[in-house]
Amino acid sequence: MAAIQLTQGHADAARRLITEVLQKNPRDDDALILRSTIEMQQNDPTGAIGDLRAVLRNQPNSVALQRTLAAAYLAKGQPALAEEALRAALEQDPQNVELLNLLGGLYFELKDFDHAAGMFARASALNPRLWQPHRNLALVKVAANDPDGAVSEYQTALKLAPAEPQLVADAARLYEKQGRIDAAIAGYEALYQTNPQVRQFAANNLAMLLVTYKKDEASLDRARDLTSNFVTSGNGMLLDTVGWVRFKRGEYQDALPTLERAMEQAPDSKLIRFHLAMTQLRLGLRDRARTNLEAALMGSDNFEGADEARTVLASLKARA
């Protein structure tokens, strides 16, 4: 009952029920774990640490509990204790790949990249079939400004799990930064063909890559075909992709209502507002375009196309 209350957002009611349980059985692990969840939600890492340590005495090999305990120590500003707890668990079970990845993740968060890489390398050596350690090593390489090393790790990971969407997305972003657009496109194309469960995700990202970097008719047609099923979507980002593909194809009259619908679904999206403004500008709707550009550039402007948005807005203001 307490767990149900918590999932419904009634943390105080859940806590009262947990208190009743613990009055009858102070060592009830489920109740203590649930209370630690509430304590973390309510910014009480000290209470969570006490409850988690009590449960771990009975379940010392629980990686999930070790992960939560480390997070509680970090929330309390005690990274050294988080490391100590994970190292103690690893000493008890040195072959535990999950613990190695967890400790590596802690080092990564602390920007201790050498120790992080060491943990991930040990995890990979223990189980060469796992792709996760190679992805983690790639993230370390990126953070250490070694893009070639990161690419190598991603390629190794993709050989182990070619249809894993997170891997494809990570590698594609890195390829894009390096200007290796064809490699990024090939990754999403393979994902689209081999993993039907994430076909919408692959189609969306593939279409955006095509219209961003390719100008040939075949690529623009491919982007149109990939997004044809998005037209009736209620998802603002998918509608944005449809509208932007139409914009890139020069179909401005068709792009406008689609991007307006996208804006209705995701009114806070700066990227959609930028795309809408560019379409309005092509149709001669300068005042509306200027309003949307100003809104897109207000505050944080870290969206794709922000530089172009600033240039276009400056031009509009100069003309005015």
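The figures follow:
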read-out: Any pair with Cβ under 7 angstrom, 6 or more apart, that starts in region 111-123 at a residue that is in a helix (DSSP H, G or I) and ends at one that is polar (S, T, N, Q) and modelled with pLDDT of 95 or more; value: Phe120/Asn136
read-out: Pick from region 266-296, criterion among the small types (Gly, Ala, Ser) and not in a loop (DSSP other than H, G, I, E, B), ranking: nearest to Thr241 (Cα to Cα); value: Ala277
read-out: Output for region 3-48, where each listed residue is within 22 Å of Ala75 (Cα to Cα), touching a Lys or Arg at 6+ places or on another chain (Cβ under 7 Å) and of a type in the set (A, V, I, L, M); value: Ile38
read-out: Filter pass, Arg67 being assigned to a helix (DSSP H, G or I) and of a type in the set (Lys, Arg); value: yes
read-out: When residues of region 151-182 are limited to those that are touching a residue at least 24 places away in the same chain (Cβ under 8 Å) and outside any helix (DSSP H, G or I), the one nearest to Ala123 (Cα to Cα); value: Ala161
read-out: Test: residue in region 246-255 that is in contact with an Asp or Glu (Cβ under 8 Å, 6 or more places away or on another chain), outside the structural domain of Ala186 (by TED's automatic domain parsing) and in a helix (DSSP H, G or I); value: yes
read-out: All positions within region 197-220 that are polar (S, T, N, Q) and surrounded by 19 or more Cβ atoms within 10 Å (Cβ to Cβ); value: Asn204, Asn205
read-out: Test: residue in region 52-70 that is buried (at least 16 other Cβ atoms within 10 Å of the Cβ), more than 27 Å from the chain's Cα centre (by Cα), β-branched (Val, Ile, Thr) and closer than 22 Å to Ile38 by Cα; value: yes
read-out: Region 284-314 - residue that is at negative phi and of a type in the set (Gly, Ala, Ser) and, of those, surrounded by the fewest Cβ atoms within 10 Å (Cβ to Cβ); value: Ser300
read-out: Residue pairs meeting the criteria (Cβ under 8 Å; at least 6 apart or on separate chains; first within 17 Å of Thr212 (Cβ to Cβ), in region 251-275; second among the aromatic types (Phe, Trp, Tyr) and part of a helix (DSSP H, G or I)); value: Ala255/Trp244; Ala255/Phe247; Leu259/Trp244; Leu259/Phe247; His275/Trp244; His275/Phe247
read-out: Residue match in region 71-87 (condition: without any contact (Cβ under 8 Å) to a residue 40 or more places away in the chain, farther than 28 Å from Pro133 by Cα and acidic (Asp, Glu)); value: no
read-out: Leu74 being closer than 23 Å to Ala143 by Cβ and hydrophobic (A, V, I, L, M, F, W, C); value: yes
read-out: Qualifying residue in region 16-27 (condition: free of Cβ contacts under 8 Å to residues at least 40 places away in the same chain, closer than 27 Å to Asn96 by Cβ and either outside any helix (DSSP H, G or I) or touching a strand residue (DSSP E or B) at 6+ places or on another chain (Cβ under 7 Å) (or both)); value: yes
read-out: Which numbered condition Ala202 fails, given (1) modelled with pLDDT of 95 or more; (2) under 30 Å from Met298 (Cβ atoms); (3) within 21 Å of the chain's Cα centre (by Cα); value: (2)
read-out: Region 124-142, residues that are in a helix (DSSP H, G or I) and not hydrophobic (A, V, I, L, M, F, W, C); value: Ser124, Gln132, Pro133, His134, Arg135, Asn136, Lys141
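The values are calculated or read from the model by the stated rules, or taken from the named source; none is laboratory data. Worth saying up front: this structure is predicted, and the values here are computed from it rather than measured. Because the Cβ atoms are built from the backbone with ideal geometry, glycine has one as well, and the counts that use them run over all protein chains shown.
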